[in-house]
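Throughout, read-outs are computed from the coordinates displayed, never taken from laboratory work. What you are looking at is a predicted structure, and each value in this text was computed from that prediction instead of being measured. Glycine also receives a Cβ, built like all others from the backbone with ideal geometry; neighbour counts cover every protein chain displayed.
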Amino acid sequence: MSNRVYNFCAGPCTLPLEVLEEVQRELVDYQGTGMSLIEMSHRAPEYDAVHKEAMSLALEVFEVPEEFSVLFLQGGAHLQFAMLPMNLLHEGRRGAYVHSGHWAGAALRDAKPHGDVYTAWDGEGHHYTRMPAPEEIALEENTRFLHVTSNETIGGIRMTRWPALDVPLVADMSSELMSRPIPWERFDLVYGGVQKNLGPAGAAVVFVRESILGGTNRALASYLRYDVHHEKQSLHNTPPVFVIYVIGKVLKWMQRKGGLRAVEREAEARAGLIYQAIDESDGYYRSPVAAEDRSLMNVVFRLPSEALESRFVAQSKARGLVSLKGHRSVGGCRASLYNAMPYEGAAALAEFMHEFRRGNG
Ligand code: PMP
């Protein structure tokens with residue numbers, strides 16, 4: 001397909017072309033049923049097979065140990081900001097938060113009405129350009145979990161040193177879901193909106209340690225309870241069937257590529273090209289973030305002036321390299337390089353960066 005662009009949008013974002021084409025082929029008549037998957041009952045056997053397969057693939061591809069259950073929920077990552085404290089912070093337990101940037105701040109703000117939460121490390125003094133060293137995180141008494149935002153989509157930093165503390169970790173991995181292995185033994189829960197690495201917008205995926213479900217808050221509306229979704233296998237209510245169907249296909253695509261390690265290697269290679277273009281530019285391109293915490297998914301960079309940044313974004317767009325403008329709150333440029341971004345896309349961007357610098361030095 002010749003009119004596809006390289007889409008560097010932070011989310012929703014690029015999805016694997018072969019998945020889109022497969023969805024297109026199947027859309028009108030799903031497996032000879034005479035209807036599309038999005039027109040049939042979520043209790044139909046055809047949908048049930050899709051649902052169960054997506055669930056088991058999510059566990060398999062992300063190398064999730066069997067102590068965990070996977071849930072597909074609506075409300076994106078935002079609903080998880082609230083569901084987490086609602087379910088876990090009852091009976092006087094407290095939630096500790098690493099405030100590493102925009103999204104950690106949002107998680108903390110949304111947790112406040114629903115539980116006793118506090119900031120265990122604040123990156124404000126560093127303008128949110130780095131993650132904490134594990135020993136910088138200060139826990140207080142009665143802490144139920146430490147919440148981390150493993151990849152800050154706007155700030156362009158990621159957590160490489162997972163804290164090993166006396167409390168379980170909870171991670172918002174929205175912008176790097178299934179792009180790297182994680183030490184599951186330290187986690188009670190991992191969640192993320194799916195609209196970056198896994199599929200179209202409209203759901204969050206939640207991995208929850210099954211042993212904690214017995215102790216979660218029961219005094220909540222049914223949709224807000226993790227234990228209910230676990231028991232009903234994410235079919236408590238009508239699930240986002242189309243999203244789950246596409247996620248299943250993306251997960252199979254990841255499997256065909258070689259699984260998590262292959263995906264991680266590709267992420268390192270793609271991001272490596274862009275960071276190299278930055279580092280070899282004699283300061284023309286500037287990465288504002290600490291070198292050891294550089295995100296592999298969202299590469300943020302500045303040019304010598306805002307005028308040059310605008311020109312860079314316009315000229316790259318004309319080349320079919322789209323959505324390179326940084327988030328409105330921080331400015332600059334941002335290349336989001338999620339799992340479905342081909343290596344060639346990153347290579348084309350790196351080449352354009354060299355060329356732009358030569359022409360606008
Ligand atoms: N956390 C992170 C790290 C994100 O990048 C985003 C969305 N960009 C969110 C949370 C919010 O996700 P949602 O829109 O699914 O609520």
- Message: Between Gln31 and Gln74, what is 0.36 nm times their sequence separation minus the Cα-Cα distance? Round to one decimal in nm.
- Response: 12.9 nm
- Reachable aspartates and glutamates, given that their alpha-carbon falls under 14 Å from the alpha-carbon of Lys112 and they are not under 8 places away in the same chain: none
- Cβ density ranking, 10 Å radius, fewest first, applied to Ile212, Ile274, Ile157 yields Ile212, Ile274, Ile157
- Item | Extreme residue, positive dipole direction of the chain, given options Met341, Ser211, Trp184 (C-beta unit charges) | Met341
- Message: Straight-line reach from Lys252: which lysines fall under 28 Å, measuring Cα to Cα and dropping same-chain residues less than 8 apart?
- Response: Lys52, Lys196, Lys232
- Item | Burial ranking of peptide ranges 136-143, 78-85 (average Cβ count within 10 Å, highest at the top) | 78-85, 136-143
- Message: Given an 8 Å cut-off on Cα distances and at least 6 residues of separation, report the relative contact order of the chain as a percent.
- Response: 22
- Task: Take every DSSP beta bridge whose two residues both sit in the chain, then give the antiparallel share in percent to the nearest 5.
- Result: 50
- Within a Gaussian network of the chain (alpha carbon springs, distance under 10 Å), most fluctuating of Glu18, Glu91, Glu176: Glu91
- Cα pair distances of the chain binned at 20 Å [whole percent]: 30, 56, 15, 0
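Neighbour counts of other C-beta atoms within 10 Å: give me Arg158, Arg209, Arg294 arranged from fewest to most. Please list the in-between numbers first.
Numbers: Arg158 26, Arg209 17, Arg294 21.
By the 10 Å Cβ count, ascending, the order reads Arg209, Arg294, Arg158.
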- Ascending count of other beta-carbon atoms within 10 Å, so fewest first, for Arg270, Arg319, Arg261, Arg43: Arg43, Arg261, Arg319, Arg270
